[in-house]
1. Please count how many residues of region 413-465 are modelled with pLDDT under 95 and part of a loop (DSSP other than H, G, I, E, B).
2. Where residues in region 289-316 are more than 14 Å from A474 (Cβ to Cβ) and of a type in the set (A, V, I, L, M), which of them is nearest to the chain's Cα centre (by Cα)?
3. Output the residues belonging to region 279-304 that are touching a helix residue (DSSP H, G or I) at 6+ places or on another chain (Cβ under 9 Å) and over 18 Å from L390 (Cα atoms).
4. Does any residue of region 389-401 turn out to be part of a strand (DSSP E or B), surrounded by 23 or more Cβ atoms within 10 Å (Cβ to Cβ) and free of Cβ contacts under 8 Å to residues at least 60 places away in the same chain?
5. Quick one: which residue in V250, V217, V235, V230 is β-branched (V, I, T), crowded, with 16+ Cβ neighbours inside 10 Å and not in a strand (DSSP E or B)?
6. Any residue that is out of contact with any Phe, Trp or Tyr (no Cβ under 6 Å at 6 or more places or on another chain), buried (at least 24 other Cβ atoms within 10 Å of the Cβ) and hydroxyl-bearing (S, T, Y) - is there at least one of those in region 446-460?
7. Restricting attention to region 309-326, report how many residues are in a strand (DSSP E or B) and in contact with a Pro (Cβ under 9 Å, 6 or more places away or on another chain).
Amino acid sequence: MGRILLLTGVAVVALGGAFAVVPSTAAQASAPLCRRAPDLPRLPAEVIQAQQQQPPAMYRDGSGEDVIDDLPASRTAPPPPPPMVAPPPPAPVMESASPVTVISSEEVTLTGSRAPKGSAAPATATAAPPPAAERGGDEGERAAFMPPRNAPPAGLLTAGDHDDLLNPSLYARYVARAVRQLGQQISGLPRVDTRRVVKIAVEDGSGRPVAFVPVKVTCADGNSLTLATVADGRVALFPALDRLGERITVEAGGVRRTVIIDRASGGQEQTLVVASSAPPARKLDLMIALDSTGSMGDEIEFLKSELRSILADLQRAYPDLDMRVGLVAYRDLGDDYVTRTDPLTANFDTIQRSLSRTRGEGGGDMPEAMDQALIRAVAQDWRPDAVKSLLLVADAPPHDDLQGRAFIAAEAARARRIQVVPIASSGVDDRAEYFMRAVAAATQSRYIFLTDDSGIGNPHAEPDVDCYVVTQLAGAVRRVLASLISGERLEPRPEEVIRVTGRYDHGKCVLPPNFSAQ
């Protein structure tokens, strides 16, 4: 594709609040094995400068009524979340979670061409989502996520998504190109080697994946690290990033196994069968880290108009799902605020009101304060028994000298079982794409990127991805979040597909016979 990419092959260690760069080869020779994620850096309290008086923002609450937001635009700390009420009793366990319903692309006019019937990737044939369960006195708690009356029509932004863990050889080639072109020009961005990934799958006696199970990894020198399975029952280990050495012992649910780390490419998977049952996920904590600088107008308006609808579809597909949402809007040093945080809450109107006040302003140069946004998002009060998702909506990377700190925040997210879902927005550059894809791979997530198929908004950079399916952005976000909840990869239905690039097969790109990762 001829794009310039950036990479470093160095390790970063924290030294009294600063970050020192250590060559990977030296670190591997002397550092202890089973490397744990560094501590999450601490930040000072948020400070938001007073802005020029602006007209109050209008938003629509869960009842469908227009509400004027006359709260002051300046505040020195995020508001406390509203009092939580006891969650409703769990609904009967569904045999299998249904994928969400997405809006058909027939309903909009697009400038891109539609893939002919039969040429798209095989799609998952499913029935419509089940109707929501009967709700009694707790209806108001969940009604906040349902679309209001007279909700605005869905927007026209389009997107694709890519899973680098499903395409390890392609990701390795992507990394190799970066090494050849620019080498170690940005310090602090570790290399995520997907070719040698070690996946530990935890299943019950019926072969169903067991989520949220701690997997203890012990290395040959006696050091250990612990990561928990996500909804698909798996933990992904990276031999170089995690510094595993030649042999590890993995243990979950009282079952232990020794694994010899394969030096060859291709990856490996080990399955542990435990006595635990495999109930479906019943809680979702969703944080949104939103770049709110001047170039992000389209994406901010998208969230204002469609986030409620996305959450409503998830609620309909998973009627017993207990959801909370939070927001970190961020800009850069010198702007009227660097970060502005709304903590996780079950009251969606709080988040909708904050989104309604958010406008694309400030920034100026390309990098933004993504490192601080990630730190504040990861530091939220996440529930231990929830699916934890962090949408990173941005078009710019962290500052070069803060890439290391931003990735430390991503590693802290991984240690807390938070899956980061980047949404690469208008004009994303190569540094941002590389960082976002590394974070998505490290946290067992997927990379979403906007495309130009809608013909609206600012131009969107073509990703360095060999195959993908384009749908509406709202549909892509729904499917990725639903996949993280269910633990099953959900594909778009044929009528949702706008176009297909490359040889796509259920998230995997079909490689040519002469393919080389070098």
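1. Qualifying residue count, region 413-465: 19.
2. Looking at the filtered set, the residue picked out is A289.
3. The one that is touching a helix residue (DSSP H, G or I) at 6+ places or on another chain (Cβ under 9 Å) and over 18 Å from L390 (Cα atoms): P280.
4. Yes - at least one qualifying residue is present in region 389-401.
5. Of the residues listed, the single one that is β-branched (V, I, T), crowded, with 16+ Cβ neighbours inside 10 Å and not in a strand (DSSP E or B) is V230.
6. Within region 446-460, one or more residues are out of contact with any Phe, Trp or Tyr (no Cβ under 6 Å at 6 or more places or on another chain), buried (at least 24 other Cβ atoms within 10 Å of the Cβ) and hydroxyl-bearing (S, T, Y).
7. 3
So that you can scan it fast, the table gives a plain yes or no per residue for (1) outside any strand (DSSP E or B); (2) of a type in the set (S, T, N, Q); (3) under 25 Å from D401 (Cβ atoms); (4) at pLDDT below 95:
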position	(1), (2), (3), (4)
A172	yes, no, no, yes
R177	yes, no, yes, yes
I186	yes, no, yes, yes
I200	no, no, no, no
F212	yes, no, no, no
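The values are calculated or read from the model by the stated rules, or taken from the named source; none is laboratory data. If you're wondering where the values come from, they're calculated on a predicted model, not measured in any experiment. So basically every Cβ, Gly included, is an ideal-geometry build from the backbone, and we count neighbours across all protein chains shown.
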